[in-house]
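Have a look at the structure below, then the notes.
The values are calculated or read from the model by the stated rules, or taken from the named source; none is laboratory data. Values in this document were obtained by computation on a predicted structure and should not be read as measured data. When the accessible area is computed, the model is the full protein with side chains, heavy atoms only, and any ligands, DNA or RNA have been set aside. Shrake-Rupley method; radii C 1.70, N 1.55, O 1.52, S 1.80 Å.
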Amino acid sequence: MDCIDVYGGRPLEGDVILSGAKNAALPLLIASLLTDAVIELKHVPDLKDIRTTLALLQHLGVEIEHRAGAYRLSAANVACFEAPYELVSTMRASVLVLGPLLARFGQVKVSLPGGCAIGARPIQYHLMGLEKLGAEIWLENGYVIAKANRLKGTTIRFDFPSVGATENILMAAVLAEGETVLENCACEPEIVDLANLLIKMGAYITGAGTSTILIRGVTKLHEATHAVMGDRIEAGTFALAVCGTGGAIRVMGIAPEALGTLLAVCEQCGAQVERFEDGFGMKATERMRAASITTEPYPGFPTDMQAQFMALMSVAGGRSYITETIFENRFMHCSELARLGADISVGGGIATVRGVPALSGAEVMATDLRASASLILGGLFAHGCTRVNRIYHLDRGYERIEEKFRALGARIERRI
Ligand code: UD1
């Protein structure tokens, strides 16, 4: 099984060009189900989760062409409305086909995603939203089955600003009859990216990126071309890496505001940040100071950066409290970071990290996508060699990460 060896202790220098955001690309690809016209998507990253989504779309009957760096998707001949267990169980975002298929074809059957390593991750907000739009929904043999005549616009308030539920119901509402108001929506930049594609396709949407989104339904959407936004989690991962190794890098391909509070937290820790229109510079000349964070919906500190931040706090000066509020079981990286010499204790959803002067390389095991990134960072901060096993998790979400780190001067190799 592939693993990655990291030899730490080198400062990072140079430029990183970001890949397209996985979490934006997944709903954008799925939005192609909303029309019989061709949707062209550029800057789609080459990742395991993207290949799973393309396989799911092909399974449904979407014709896909990949030419000159762009995907052309045509859902003109969709004849299957079922997302099977094999696909949904490996990638939870498959549940996003619920909204588009129901809105366009009036029927859909999707396997329940079940639990995953970081928590239970139920989908009740998605189902509540679709029911409010007029769908009849029931569970049968581990599948969610939904049927509807044309969906009808209404006001829907989410109990929690779920990213996936906001995207799912937004996609359903664009083809619903009349006006839909979504309240307490997630405000993540990926939702704005999705709304921008839908608007190019002819949808009427205002307020995406705020907690209230208004949608006026149309009967048909048309062709559109769109480039996926840069990956803010990849950007943040490189930013925290240089904070820990020292050095100076420029991360290009994203508006700095898309990172929410993350850059300000880096400044609080002692890094120097320069903001450009389409990227930022990050310089670290001294050991970082500890800071405490709580994960929150955007623009708060992202749960997808929590594990990487913990790796940085492991070598910062002082004590840091890291509170996870989004997923109930997202501290599995703690025991692996401890193998590198980190001093972390966990209780009641809070990890207490006492910074140590240095980590030392060890063999560790990735448990989920962002946990694997934290172990790569731990390896970059440690003396000696860190071998990260089970890196298939990493390949779900980071495109050519070891190549990108090598270009910045890191010594990091994949062993096949
Ligand atoms: C998305 C991101 C993921 C990120 C997460 C939170 C994608 C493909 N994935 O996941 O990387 O970590 O946002 O920023 O974009 N919940 C329910 N019921 C629901 C829906 C959600 O209880 O119907 C709970 C979840 O279990 C979780 C929390 O709400 O505890 C946040 O989930 P949500 O925002 O929906 O995350 P995802 O869309 O799954």
Order of exposure, largest accessible area first, which applies to His226, His66, His59 with probe 1.4 Å = His66, His59, His226
Descending accessible area (1.4 Å probe), largest on the left, turns His383, His126, His393 into His383, His393, His126
Expressed as a whole percentage, what fraction of the accessible surface of the chain belongs to carbon and sulfur atoms when a 1.4 Å probe is rolled over the protein heavy atoms?
-> 50 percent
So how much accessible area does Thr225 have, in Å² to the nearest 10, using a 1.4 Å probe?
-> 70 Å²
Area of Thr90 that stays accessible when all protein chains are in place (1.4 Å probe, Å², to 10) = 70 Å²
Scattering curve values for segment 22-224, log₁₀ I(q)/I(0), Debye with Cα scatterers, q = 0.14, 0.15 Å⁻¹ = -0.73, -0.85
Convert each backbone phi in segment 44-55 into a coupling constant with the Karplus relation 6.51 cos²θ - 1.76 cosθ + 1.60 (shift: θ = phi - 60°), then list the ³J(HN,Hα) values in order as whole Hz, x for Gly and Pro.
-> 7, x, 8, 9, 4, 5, 5, 5, 5, 5, 5, 5
Taking only Cα atoms and a 10 Å spring cutoff, compute GNM fluctuations for the chain and point out the largest among Ala55, Ala75, Ala248.
-> Ala55
Express the C-alpha Rg of the chain as a ratio against the empirical globular expectation 2.2 N^0.38 Å, rounded to two decimals.
-> 0.98
222 nm mean residue ellipticity, helices alone, for the chain (DSSP H n ≥ 4; -39,500 (n - 2.57); rounded to 500) = -9000 deg cm²/dmol
For segment 22-224, report the accessible area per residue in Å² (1.4 Å probe, heavy atoms, rounded to an integer).
-> 38 Å²
Percent antiparallel among DSSP beta bridges confined to the chain, nearest 5, equals 70 percent
Put Thr352, Thr295, Thr155 in order of accessible area, largest first, 1.4 Å probe: what do you get?
-> Thr155, Thr352, Thr295
With the chain treated as a Gaussian network of Cα nodes joined by springs under 10 Å, which of Pro299, Pro161, Pro357 yields the largest mean-square fluctuation?
-> Pro357
Give the shape of segment 54-154 as rounded, prolate or oblate, defined through the alpha-carbon gyration tensor: a ≥ b ≥ c are the square roots of its eigenvalues, a/c under 1.5 means rounded, and otherwise the shape is prolate if a/b is larger than b/c and oblate if not.
-> oblate
Accessible solvent surface per residue of segment 346-416, calculated while the other protein chains remain in place, 1.4 angstrom probe, Å² | 39 Å²
Violating pairs (Cα-Cα greater than 19 angstrom) within the set Lys132/Lys152; Lys109/Lys147; Lys132/Lys220; Lys200/Lys220 = Lys132/Lys220
When the Karplus curve 6.51 cos²θ - 1.76 cosθ + 1.60 is applied with θ = phi - 60°, which whole-Hz ³J(HN,Hα) does each residue of segment 408-416 get, with x for Gly and Pro?
-> 8, x, 6, 9, 8, 9, 8, 10, 9
Calculate, in whole percent, how much of the Cα-Cα pair population of segment 150-254 lies beyond 20 Å.
-> 47 percent
